[in-house]
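Read the structure below first, then the notes.
The values are calculated or read from the model by the stated rules, or taken from the named source; none is laboratory data. Keep in mind that this is a model prediction, so the values were computed, not measured. Cβ placement follows ideal geometry from the backbone for every residue including glycine, while neighbour counts extend to all protein chains displayed.
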Amino acid sequence: MRHFLTLLDLEPFEGKQILERAFELKNLQKAGKPHHTLAGKTLAMIFDKASTRTRVSFETGMYQLGGHALFLHSGATQLGRGEPVEDSARVISSMVDGVMIRTFEHSMVETFAKYSSVPVINALTDWTHPCQILADVMTYMQHRDEIQGKTVAWVGDGNNMAHSWINGAAIFGYHLNLACPEGYLPQDKVIQEARDMGATIEVTQDVLAATAGVDLVTTDVWASMGQEEEQAEREQAFAHYMVDDTVMGVAKPNALFMHCLPAHRGEEVAASVIDGVQSVVWDEAENRLHAQKALLEFLLK
């Protein structure tokens, strides 16, 4: 039995296989050809955080694979009334074939996985968001080619998405530059673990230095869910970390722009960038469906 709590739960060849299958599944779906490879399978989806792309992609994905998805908001389950995670894990996993969790503390998914008898998927924690990187790498491959050997620039908070891009550098073989303000850097141990696996990672406070000559520029909101009270403080700290036309202008002429969404135009990204010709955010969002279907097959089939 395999869990998917971070990208490092995959071997590099497995990451490549999943994305190859994602393209196959996307082509089948676009052609209207049934692909019920998970017929009779059930996925429990536990949500502590609000969601658009995560819920729609996993729920639709299970339907298209011939299975069924159960939406479980923590506030409407015994988890929300204080039942220990260990107990919920034992009970829920005894009735389903897989569990997807979108929550705050990463320790919650780790504990759930420890006591689960079926595969557990991290659909987002405050530590990492591995499903998003599968879709992002797939999107780069869709519009360009293999991402291995290319250079990615991350601009903004050293948050769960930054950690995921760091992990992805170790699995998918791209070089990574991170431009983060002082006090908002990624965790050192995440960077070191990726470097120990052979990843090339540079961290700076200089946005233009990080994005010069890169193949892909990506960012995220300045204040994520649960950090709303820090909005004013973060606006000040990140004031010079907007991805605008100047930033994209120092990247390669054919560089792509990505954002995991939702986006705040005029804060972390200029409208001219996210709505411009280099932006692939809508394909990126759609590819959550196809990449996660391939992941579900990998874990549940």
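Listed values, structure above:
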read-out	value
Of residues in the stretch 89-107 being buried (at least 22 other Cβ atoms within 10 Å of the Cβ) and under 14 Å from the mean Cα position of the chain (by Cα), the one farthest from Met62 (Cα to Cα)	Arg102
Filter pass, Val221 being buried (at least 19 other Cβ atoms within 10 Å of the Cβ), touching a strand residue (DSSP E or B) at 6+ places or on another chain (Cβ under 8 Å) and within 20 Å of Leu256 (Cβ to Cβ)	no
Matching option when the condition is without any contact (Cβ under 8 Å) to a residue 60 or more places away in the chain and crowded, with 23+ Cβ neighbours inside 10 Å, among Ala179, Ala169	Ala169
Filter pass, Val273 being touching a residue at least 60 places away in the same chain (Cβ under 8 Å), among the hydrophobic types (A, V, I, L, M, F, W, C) and not assigned by TED's automatic domain parsing to the domain that holds Lys30	no
Residue within the stretch 276-292 that is under 18 Å from the mean Cα position of the chain (by Cα) and more than 27 Å from Leu8 (Cα to Cα) present	yes
From Leu70, Leu65, residue being surrounded by fewer than 18 Cβ atoms within 10 Å (Cβ to Cβ), more than 25 Å from Arg234 (Cβ to Cβ) and aliphatic (A, V, I, L, M)	Leu70
Output for the stretch 7-58, where each listed residue is of a type in the set (Ser, Thr, Tyr), in a helix (DSSP H, G or I) and in contact with a strand residue (DSSP E or B) (Cβ under 6 Å, 6 or more places away or on another chain)	Thr54
Out of Leu300, Leu289, sole residue that is touching a residue at least 12 places away in the same chain (Cβ under 8 Å), in contact with a strand residue (DSSP E or B) (Cβ under 7 Å, 6 or more places away or on another chain), of a type outside the set (Gly, Ala, Ser) and buried (at least 21 other Cβ atoms within 10 Å of the Cβ)	Leu300
Residue among Asp220, Asp215 that alone is within 17 Å of Arg265 (Cβ to Cβ) and of a type outside the set (A, V, I, L, M, F, W, C)	Asp220
In the stretch 237-276, residue surrounded by the most Cβ atoms within 10 Å (Cβ to Cβ) [restricted to those that are β-branched (Val, Ile, Thr) and more than 25 Å from Cys131 (Cα to Cα)]	Val247
Filter result for Ala123 (of a type in the set (A, V, I, L, M) and either closer than 21 Å to Met45 by Cα or not assigned by TED's automatic domain parsing to the domain that holds Val247 (or both))	yes
Filtered residue count, the stretch 25-35, keeping only those that are exposed (fewer than 15 other Cβ atoms within 10 Å of the Cβ) and either among the aliphatic types (A, V, I, L, M) or in contact (Cβ under 8 Å) with a residue 40 or more places away in the chain (or both)	1
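Yes/no matrix, rows are residues, columns are (1) among the aromatic types (Phe, Trp, Tyr); (2) in contact with a Ser or Thr (Cβ under 7 Å, 6 or more places away or on another chain); (3) touching a residue at least 24 places away in the same chain (Cβ under 8 Å); (4) under 27 Å from Ile166 (Cβ atoms):
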| position | (1), (2), (3), (4) |
| --- | --- |
| Thr6 | no, yes, yes, yes |
| Pro12 | no, no, yes, yes |
| Ala44 | no, no, yes, no |
| Asp48 | no, yes, yes, yes |
| Glu59 | no, no, no, no |
| Leu65 | no, yes, yes, no |
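Residue-by-condition table, conditions (1) touching a Ser or Thr at 6+ places or on another chain (Cβ under 8 Å); (2) on the phi < 0 side of the Ramachandran plot; (3) part of a loop (DSSP other than H, G, I, E, B):
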position	(1), (2), (3)
Ala113	no, yes, no
Val118	yes, yes, yes
Met138	no, yes, no
Ile147	no, yes, yes
